[in-house]
Amino acid sequence: MTDTLTQSTRRQWLATTAAGLAGSAVAGRAELASAQAQPPAASPLPLTEFEPKSMLHVAMTTVQGARFPVIDFHTHVSRRRATRPPVPPAELLKTMDAVNLRTMVNLTGGFGEDLSATIAAFDRAFPRRFLSMTEPAWTRAAEAGYARWQADEIAKAKAAGAVGVKVLKTLGLYLRDGGPTGKLVRVDDPRFDPMWEACGRLGMPVAMHVGDPEAFFLPIDRFNERYEELHAHPDWSFHGKDFPGNRELQEARRNVMRRHPKTQFVCLHVANSEDLPYVSECLDSHPNMFVDIAARIGELGRQPRTARKFFDKHQDRIVFGTDASAGTSTPQQTFGDALYEIYFRFLETEDEYFDYAPAPVPPQGRWRISGLGLSEQILRKVYRENAARLIGIPA
Ligand SMILES: [Zn+2]
């Protein structure tokens, strides 16, 4: 059948076909007549108002606290320029203690004075509970002598207490040479080589977000599985213009990992969570590669058998992370007990078909997830041991 058939022609066609299969042309005509006689349907419910409740009678396990102490490797809890307010440490600690979260790694600690202020307010004020990473000064990337200066800044950040370097998707999707209309800077641009090398020399892991969900690189149309999310955040789309494809971005990061084998890279958001065979192949080829699961249990949990095998195989290089931050515009990241309970339920239980975010409508796509039921050995590694090894703290 072609797409050009209208709904009513399609309904008639289905009615006559079904009747034809039943072997009675008379029955077919009668059914067609009755289909045509039905009153017109009420106007359709807007998708935004649709909140279907699952009727499945399946296990519902509440996991209020993690089975083992946790390091959340991926959070954004300090002030982030004008965009996000900080979450007060006292509020953080209350939830951390309630859910068995021992340590939070705050990835976006900034650099220079911002970094020092963040470390004073979090890391130094509450030792072992908060750790911060620094960020490159992208605005200076076009200046002469940047490469050496940036490498030295990383060393200064380490001396100030930073435990790693966070690279936002700025690199590859926003940063341009010569202003807003200039050429996008490539992820594997050689000017950053001294910085990647410094990270390896200093034992600072690089937490690197490159690319985004595959649907963000496709038209925002009725075929796009993240239509509602992109409709709510149209600026998250990287379709068209001069944006590279998602695979091209992933491959550029692989070039960086290849060129700097002594530097450890944590590819955030499971690197490319829709394509676990590809990520698995990358992990096989790059011993210096790790992944975190932040804001991607919605992807992992809708392919639970593939994800479970992925955790079995790469159990030494997967770290726990949530992307937790203040604010409610992205419920899959909103810091609080409810967020952690979902993550723990996903990793620890074999519950089926539950929400991946504390929200009335699944915010990243209209599907639900199933738990992985990981073994205690794998849970220990993913919750804490792998991250502790990366950032050099006792497991
Ligand atoms: Zn993040």
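Quick notes
- Each residue in the range 230-246 was checked for being more than 16 Å from the ligand (Cβ to nearest atom) and in contact with a helix residue (DSSP H, G or I) (Cβ under 8 Å, 6 or more places away or on another chain), and 8 pass.
- Scanning the range 127-151 for residues that are of a type in the set (Phe, Trp, Tyr) and within 27 Å of the chain's Cα centre (by Cα) yields Phe130, Trp138.
- Selection status of Gly203, more than 16 Å from the ligand (Cβ to nearest atom), farther than 30 Å from Gly365 by Cβ and at pLDDT below 95: no
- Residue in the range 173-192 that is assigned to a helix (DSSP H, G or I), farther than 19 Å from Leu115 by Cβ and within 19 Å of the chain's Cα centre (by Cα) present: yes
- Pairs where the first residue, in the range 152-166, is over 16 Å from Val266 (Cα atoms) and the second is small (Gly, Ala, Ser) and assigned to a helix (DSSP H, G or I), C-beta under 6 Å, 6+ apart: Ile154/Ala198; Ala160/Ser116
- Residues in the range 119-146 that are surrounded by 15 or more Cβ atoms within 10 Å (Cβ to Cβ) and in a helix (DSSP H, G or I): Ile119, Ala121, Phe122, Asp123, Trp138, Tyr146.
- Val266 vs. criteria assigned to a strand (DSSP E or B), among the β-branched types (Val, Ile, Thr) and within 16 Å of the ligand (Cβ to nearest atom): yes
- Whether a residue is under 25 Å from Pro234 (Cβ atoms), among the basic types (Lys, Arg) and within 16 Å of the ligand (Cβ to nearest atom) was assessed, and Arg296 passes this test.
- Per the listing Phe238, Phe243, Phe216, Phe223, the residue uniquely closer than 20 Å to Gly321 by Cβ and at pLDDT 95 or above is Phe216.
- Of all residues in the range 87-118 being within 30 Å of Asp188 (Cβ to Cβ) and not polar (S, T, N, Q), the one that is farthest from the ligand (Cβ to nearest atom): Gly112
- Residue identified as touching a residue at least 40 places away in the same chain (Cβ under 8 Å), among the small types (Gly, Ala, Ser) and within 16 Å of the ligand (Cβ to nearest atom) among Gly327, Gly365, Gly336: Gly327
- Some residue of the range 307-317 being aromatic (Phe, Trp, Tyr) and in contact with a Gly (Cβ under 8 Å, 6 or more places away or on another chain): no
- Applying the criterion of being in contact with a strand residue (DSSP E or B) (Cβ under 7 Å, 6 or more places away or on another chain) and farther than 21 Å from Met257 by Cβ to the residues of the range 163-187, the residue that is surrounded by the fewest Cβ atoms within 10 Å (Cβ to Cβ) is Lys183.
- Helices (runs of 4 or more DSSP H) lying entirely in the range 302-395 (those with 3 or more residues that are open to solvent by less than 50 Å² (accessible area, probe 1.4 Å) and touching a strand residue (DSSP E or B) at 6+ places or on another chain (Cβ under 9 Å)): 304-313, 337-348, 386-391
- Whichever residue in the range 212-236 is part of a loop (DSSP other than H, G, I, E, B) and open to solvent by 80 Å² or more (accessible area, probe 1.4 Å) and, among such residues, is nearest to Ile293 (Cα to Cα): Glu225
- First in the range 249-264 and within 18 Å of Pro213 (Cβ to Cβ), second anywhere and open to solvent by 10 Å² or more (accessible area, probe 1.4 Å) and part of a helix (DSSP H, G or I), Cβ under 8 Å, 6 or more apart: Gln250/Tyr278
The values are calculated or read from the model by the stated rules, or taken from the named source; none is laboratory data. Not measured: the values here are computed from a predicted model. Reconstructed Cβ throughout: ideal geometry from the backbone, glycine too, with neighbour counts over all protein chains shown. Protein only, heavy atoms only, side chains kept; ligands, DNA and RNA dropped before computing areas. Shrake-Rupley method; radii C 1.70, N 1.55, O 1.52, S 1.80 Å.
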